[in-house]
Each structure stands twice: as C-alpha cells, then as structure tokens.
Amino acid sequence: MTPSHVAGAIHADAGAPQPRWLDVPEDVNALVPELWSQGVAKDDQGVLTVAGLTVTEIAEQVGTPVYLLDEEDLRARARAFRTAFDGWTVYYAGKSFLCTAVARWVAEEGLGVDVCTGGELAIALRAGVDPARIGLHGNNKSEAELRDALQAGVGRIIVDSFDEIARLGHLAAETDRTPQVLVRVTTGVEAHTHEYIATAHEDQKFGFSIAGGAALRALRECHDHPRLELVGIHSHIGSQIFEPDGFEVAARRTLRLRAELAEHTGRELPELDLGGGFGIAYTTADTPATPEELAAAMRKIIESECAALGASLPRLSIEPGRAISGPTTFALYRVGTVKPVELDGGHVRLYVSVDGGMSDNIRTALYGADYSATLASRRSAAEPVLSRVVGKHCEGGDILVRDEFLPGDIAPGDLIAVPAAGAYSRSMASNYNHVPRPPVVAVRDGRLTTLVRRETLDDLLRLDVG
Ligand SMILES: Cc1ncc(COP(=O)(O)O)c(C=O)c1O
C-alpha cells in the first residue's frame, strides 16, 4: 500500500488515483445507458430527462434531494423476470424498496412479494397484495409478526431456526392454521459480485447448515410437525451475483438435501426457492446477465441435477429485489460546495458536496459500494476531473460516489444525478444528524406522483416527545 503523505518523483509514478475500472470519459456529458432506466435521456441542453420531464423542472417542483423512480421501467423489469422465468413464481424482494404503489405494481405484473418484517408485511397487505402470494422471511420474527402473518393467511413462511419452528407451531395451533413453510438452508456458497466461494460459509445468522446436518434435522422436524405443512427448501446465496456458478452449487446441494429427506420420509418436497441476488450495473465495471440468460442457466442446472438424482422437478421460485427496483431510480441532488483537494503525486480530486449523503444512501459507507454520477442540469465544455460526491453529514466516510469523472467547472447550484439508487437506498435510509429523508417520486408519461413524501423537521420533532 502507498503511504499517504509521500511526495516526489517516486510517488508520482504510482499513477492515476482512480480505480482501474474507471476510464476518463471521451464525453463527460454522455450517459452510459446501461446504468439508467429506460425512460432517462439528456436533452439538447444536456439536461437529464426522465419519462418526458427535465430534472430542472422536477427539482423546482419537488425539491432535492429526491429519488426519481421510472414507473414504466420498474414494471418492465418485473415483467421481464416473470416472462423469462415462466412457470416459476417470482417474488419481488420488498427489502430492496417497498411502498404500497410498488407492491401494487409488481403484483399487477404477476409477481408475489417477499417481506421480512411486520412492517413490510403491513405495506404489502395495505397495497392489496394477495396474502397467498406473500412470503415471510426473517431470522428473528416476533410472535406478533408470526401471528399477523398467520391471521392474514400469508402463503408461506420461511423458517430460520429451531426456536422459530417451535414458536410457529405453537402459534399455528393457537390460531388454528396450518401454514406452508420452507426451511432456509445455508449451502456453503456465498456469492458476492463477480466471485463466489463454495466452501465453508456457514458462519452467519441465516439458515440451517446443510453440511452440519441442521438443515436435514429442521426439515424432518417441520415434516413431522402436525401444525406445519412443509413444502420446500429455501436458499439465498448473496447479492450482486453476475455468474450462475454460485446458483449451480446451491441448487445441487439443496436438491441433494431434498433427495436425502425423501429417503427418510418417502416424500419429495414440491418446492425449491433459490432466492435473489441478481446483479445490476452501478458502474461500467458491472456486467449483469439478462433475466433470460439467468433463467436459461438456472433451468439447465435444475434439470440436469434432477435427472442425475432421478428426482422429479420441483416447483421453483426466485426472489429478485435489486434487479427489479435498483436501476429504475436515480437520486437527484443539488451541489452545495466544491473543493479541489490535492493528492499525492500532483493529482487533484474534486470534492463535490451535495444536499444529501449517507443518510439517503448508506451503501458506499457500509459496503464500499461503487456508484456513478452525472452532471444533470446542463451540458459542460469543461474537461473531466476526478471527483468524489460527498454528503452533508458530520462524518468523513459520508461518501455517495467514491470515484467519478465530472466536468471541472461543476459549481454550487448544479444538479447531480446518481443512477441505480432504487434498491437499498431509501429502504436503508436513516435520520443521521436529524436529516429528514428524501421523498420517492414516480415519473410516468410526463407526470409526477409522490409515492413516499419528503420527511419534514416537524416529523422529526414530533418523534421527540420529551
Ligand atoms: C432471502 C432473500 N431473498 C431475496 C433477497 C434480495 O436480494 P437482491 O435484492 O440482491 O435480489 C435477499 C437480500 O438480502 C434475501 O435475503
């Protein structure tokens, strides 16, 4: 690693300070289409537009920061999964972003909804999603959450611990229900971005280990339970997955587990859920597969594995979240201050401070996630300059976009847009520094609809009772 305050010729040889994947753009005003929703473009003045509206007029109407969600694009992504995975059940993973409108739209496009708390369940129910098409996850569901789910008639509950199997069995008897359950297993595969590790990744809070034998025991316990109807096995291997290899190993291990259970019980479980995690493009370094490519690869894996085991094909389901909600939305910010900072080796980084920050997108600070950005309110003739888009919080790690080339004349008052902000941004937003959370506004056919309104200082003050 290069020491941080070395000057002079040797250090200058260390090269440019941007990451390898980030090239100096030929045209700093141009959009990289893969990063944006289908309704996004730039007009003749270089102003970003979405579904027929310029961001300058949107900012005037609704203010900044704001998450702008392209409704047609979200519907199209939901449809693309449903069509590509024809015959499977596609559950939209609500944790990526859930509000009643989005729950309604995905249900209208034929998807179920996967929730993991009582709050997400309440939103899905309020949206009118058929409870039979809702799945409830969570490693520590409370009695109240389980009871609500049972009373609502939630279609399936994914159990995650022996404590929960007992708790759910007890509540099922109390409410006179027999819920359908899937057992969440850990397959020993953990996938992240372009890599996956198929060894011993059992050291986590989710699921029952296949390798350690707990998965088989949990399945047998559910199978034998008079108040639970065991229907399947659930596996979720990680996030931002670009290659099917991880799913292949997970499918093989879960199908073998299914066969092992069948040896004990004489019954093949009807269902297998392979979870979510399908990757999206945050930067030019990301190359996601299409739903068709994913579906073709996953079908092949399941069919060949079932043939090898002499097993019947299970009913299949998946739970994409980010791949449906992520690319549909960009975050729009107003620049407040611009500060060139000299780096070692004679390089300069432009710190561009905007009116949001880690409270509306924690992923960069939390996971070291990379994002992209564009000057959204005008065309610039200035040279591209290596920039860092940062927020307004009292925290050095308050970074929204770690590395991006922005025009060197970027100035206070300009608008900046950050694509791929639809998943795990608003849903993980906080009130750090008592900053109110931005609204989510949908754009369709030149019309704006507020889906989640902007929080106000009054909202925050009302919570502080004393
Ligand atoms: C069980 C389960 N299903 C689905 C998802 C959705 O993942 P993604 O949004 O990456 O598709 C997650 C994410 O954490 C999950 O834990």
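Being outside any strand (DSSP E or B), open to solvent by 20 Å² or more (accessible area, probe 1.4 Å) and out of contact with any Gly (no Cβ under 8 Å at 6 or more places or on another chain), is that true of even one residue in the range 317-339?
no
Take residue 309 and decide whether it is surrounded by fewer than 22 Cβ atoms within 10 Å (Cβ to Cβ) and either within 13 Å of the ligand (Cβ to nearest atom) or over 30 Å from residue 149 (Cα atoms) (or both).
Yes: the conditions hold for residue 309.
Listed residues 462, 454; which is at pLDDT 95 or above, closer than 21 Å to residue 98 by Cβ and not polar (S, T, N, Q)?
454
Please indicate, with yes or no, whether at least one residue in the range 71-88 is within 16 Å of the ligand (Cβ to nearest atom) and within 19 Å of residue 157 (Cα to Cα).
Taking every residue of the range 71-88 in turn, at least one turns out to be within 16 Å of the ligand (Cβ to nearest atom) and within 19 Å of residue 157 (Cα to Cα).
Hey, residue 365 hits all of (1) open to solvent by less than 30 Å² (accessible area, probe 1.4 Å); (2) under 22 Å from residue 432 (Cβ atoms); (3) part of a helix (DSSP H, G or I) but one; which does it fall short on?
(1) is the only condition that residue 365 fails.
In this structure, does residue 370 turn out to be touching a strand residue (DSSP E or B) at 6+ places or on another chain (Cβ under 7 Å), open to solvent by 30 Å² or more (accessible area, probe 1.4 Å) and either assigned to a loop (DSSP other than H, G, I, E, B) or within 22 Å of residue 36 (Cβ to Cβ) (or both)?
Against the criterion (touching a strand residue (DSSP E or B) at 6+ places or on another chain (Cβ under 7 Å), open to solvent by 30 Å² or more (accessible area, probe 1.4 Å) and either assigned to a loop (DSSP other than H, G, I, E, B) or within 22 Å of residue 36 (Cβ to Cβ) (or both)), residue 370 qualifies.
Taking the range 222-234 on its own, how many of its residues are open to solvent by 80 Å² or more (accessible area, probe 1.4 Å) and touching a Gly at 6+ places or on another chain (Cβ under 9 Å)?
1
Is the range 300-314 home to any residue that is under 23 Å from residue 32 (Cα atoms) and modelled with pLDDT of 95 or more?
no
List the residue pairs whose Cβ atoms are under 8 Å apart, where the first residue sits in the range 54-76 and is under 20 Å from residue 361 (Cα atoms) and in a helix (DSSP H, G or I), the second is open to solvent by 30 Å² or more (accessible area, probe 1.4 Å) and among the polar types (S, T, N, Q), and the two are 6 or more positions apart or on different chains.
Taking only residues 6 or more apart or on different chains, the pairs are 62/450.
Of all residues in the range 429-449, which are assigned to a loop (DSSP other than H, G, I, E, B), surrounded by fewer than 21 Cβ atoms within 10 Å (Cβ to Cβ) and touching a strand residue (DSSP E or B) at 6+ places or on another chain (Cβ under 6 Å)?
439, 446
Is at least one residue of the range 414-428 surrounded by 22 or more Cβ atoms within 10 Å (Cβ to Cβ), out of contact with any helix residue (DSSP H, G or I) (no Cβ under 9 Å at 6 or more places or on another chain) and outside any strand (DSSP E or B)?
Checking the range 414-428: at least one residue is surrounded by 22 or more Cβ atoms within 10 Å (Cβ to Cβ), out of contact with any helix residue (DSSP H, G or I) (no Cβ under 9 Å at 6 or more places or on another chain) and outside any strand (DSSP E or B).
With the condition kept exactly as written, say whether any residue in the range 265-286 is in a helix (DSSP H, G or I), away from the ligand (no atom under 16 Å from the Cβ), at pLDDT 95 or above and open to solvent by 20 Å² or more (accessible area, probe 1.4 Å).
Yes, the range 265-286 contains a residue that is in a helix (DSSP H, G or I), away from the ligand (no atom under 16 Å from the Cβ), at pLDDT 95 or above and open to solvent by 20 Å² or more (accessible area, probe 1.4 Å).
The values are calculated or read from the model by the stated rules, or taken from the named source; none is laboratory data. Because the structure is predicted, anything quoted here is derived from the model rather than measured. Heads up, the Cβs are rebuilt from the backbone with ideal geometry, glycines too, and the neighbour counts pull from every protein chain shown. These area figures cover heavy atoms from the full protein model, side chains too; ligands, DNA and RNA do not enter into them. Shrake-Rupley method; radii C 1.70, N 1.55, O 1.52, S 1.80 Å.
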